[in-house]
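Engineer: Next up is a structure, given as structure tokens.
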Amino acid sequence: MISTVSNKPPQSIESARLRKLQLLGILCGFGAGAWLGAAEAPTKLVKLGVSPLVVSLLMVVGVFFARWSLPALIRGTGQMRADIRQAPHLIVWGVLAGCLWAVANTLTIFAIRDIGLSIAFPLWNINSLLGIFWGYVLFNELRDAGKLRWFTVLGGALLMFTGATLLAIASSAQSPAAHSLRGILAALGAGVLWGTMYVPYRKAYLTGMNPLSFIAFFTIGELGMMLTLALAYGGGPAALAHQLELAKPVLFWLMLGGFVWVIGDLFQQYAAKYIGISRGIPLSNTNQLWGLLWGLLVFGELRGLSSSLYAEVIGGSLLMAAGAGAIALSSVTGQEHARWKQAAEREGQRYNVDADYVQAALSGNDASSASDPSGRTAPHSSRSWLDYLLVVVTTTIFITLAVLARAPNMSLNWPALLALAAAMLIFLIACGLALWRVTRFN
């Protein structure tokens, strides 16, 4: 196609497109941090005596409904089927990622119970370090990035390690020794599992799958693994049914937490797609600051403790956030992006995926509009009765549970809660509009 608007060579147009996608990925990373940080707030209900396994199971049920209804609403299940026809192997990778997520999420419940939300959050965010490692080793991220960007990444990793150390020291000062160690180990274990989980993410997006398709199959592994854990460690079907009956008044809040998590995870998926897991995951781990705000401002964690402990917790979180930001904001060069393309070509050849499909998805375009460099062509499909059914059923379930729910008997700072909720809404609108305008959610 001949352009009559600009005389710039094709490489300039490609560079402009790449820059736009990077900015989109950074915005989605920040949006993911806000929503993922809020999603863990309902897990504070373990303090009320609800079993951690039940908390995690019900969150995953909310995740299941969200991971199918949101793609149906935004893009339609027809597009999901088209993605699977192109890359059927990714069903297996999606299920595997979901299994890892379910185990990690359960560990976070135990961590929050033992050491608190504001401290557990940064500890499990060591997944950033694993994301950097796997991105470099498996997917050519940071290859040919230059010394400055390597210095930024390594310096950021050092800041994150220092911050995690401060938080571990603080946790041992505010909890009984046995519980503190158990909580630290649970949080670190969750971080390791989540860091490994990002390998299937990157394989999916280099191969060409749309994030909205990937998360739908991701949830099959989540729900299956979580149900297995709940039955195996909860005493069997009868005991699990009894625990669910006891948790009936808070069903809505726990499933809502799962729904909120999916929105944050979706933004994280787009960040991982457009700026890589070595940058996107650390940036989404700004959720530790949001977790700190929810823990301190809304739930009053660490209230009445010494000022030095506050300094350790806040200072550790800020150090980790600064390190994550330094890593994430190290922009992708043209040479590094060329190495990404090599990794994408390797994945496409390994699984026999159409090269045009892979290249279109890597550029944020729909496969049917690969020749359009703007990527603004909407997918050529319409929503079916199944899409509307998924949305209606999910909406009905959540409305019914909301009517039956009651507010937990907890001391909450409502002005702080409303302020944080408003900030989340702003990120939702900003990220949603940006994704639509730049990629049409491709």
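The values are calculated or read from the model by the stated rules, or taken from the named source; none is laboratory data. No experiment lies behind these values; they were computed from the predicted model shown. Please note: Cβ atoms are built from the backbone with ideal geometry, for glycine as well, and neighbour counts cover all protein chains shown. Heavy atoms of the whole protein, side chains included, go into the accessibility calculation; ligands, DNA and RNA do not. Shrake-Rupley method; radii C 1.70, N 1.55, O 1.52, S 1.80 Å.
Engineer: Answer rounded, prolate or oblate for the range 296-338, using the Cα gyration tensor with square roots of eigenvalues a ≥ b ≥ c: rounded when a/c is under 1.5, else prolate when a/b is larger than b/c, else oblate.
Structural biologist: prolate
Engineer: In straight Cα distance, which aspartates and glutamates are under 14 Å from K147, not counting same-chain residues fewer than 8 positions off?
Structural biologist: Hits, sequence-local ones excluded: E336.
Engineer: Then there's this: Measure off, as a whole percent, the carbon and sulfur share of the 1.4 Å-probe accessible area of the chain, all protein chains present.
Structural biologist: 69 percent
Engineer: Could you state the angle between the C-alpha long axis of helix 90-115 and the longest principal axis of the C-alpha atoms of the chain, as a value from 0 to 90 degrees rounded to the nearest 10?
Structural biologist: 30 degrees
Engineer: Also: Using a probe radius of 1.4 Å on heavy atoms only, what accessible surface per residue do you get for the chain? Whole Å² is fine.
Structural biologist: I get 41 Å² per residue for this part.
Engineer: Which of the peptides 158-167, 331-340, 263-272, 101-110 is most tightly packed, and how do the rest follow, judged by the mean count of other Cβ atoms within 10 Å per residue?
Structural biologist: 263-272, 101-110, 158-167, 331-340
Engineer: Among G264, I84, Y357, pick out the residue whose Cα is farthest towards the positive end of the charge dipole of the chain, where Lys and Arg carry +1 and Asp and Glu carry -1 on C-beta, about the Cα centre.
Structural biologist: Going by the Cα projections, it comes out as Y357.
Engineer: Of the labelled options (1) 21.4; (2) 25.6; (3) 20.4, which one gives mean projected area of the Cα convex hull in nm² as computed for this structure?
Structural biologist: Of the labelled values, this structure produces (1).
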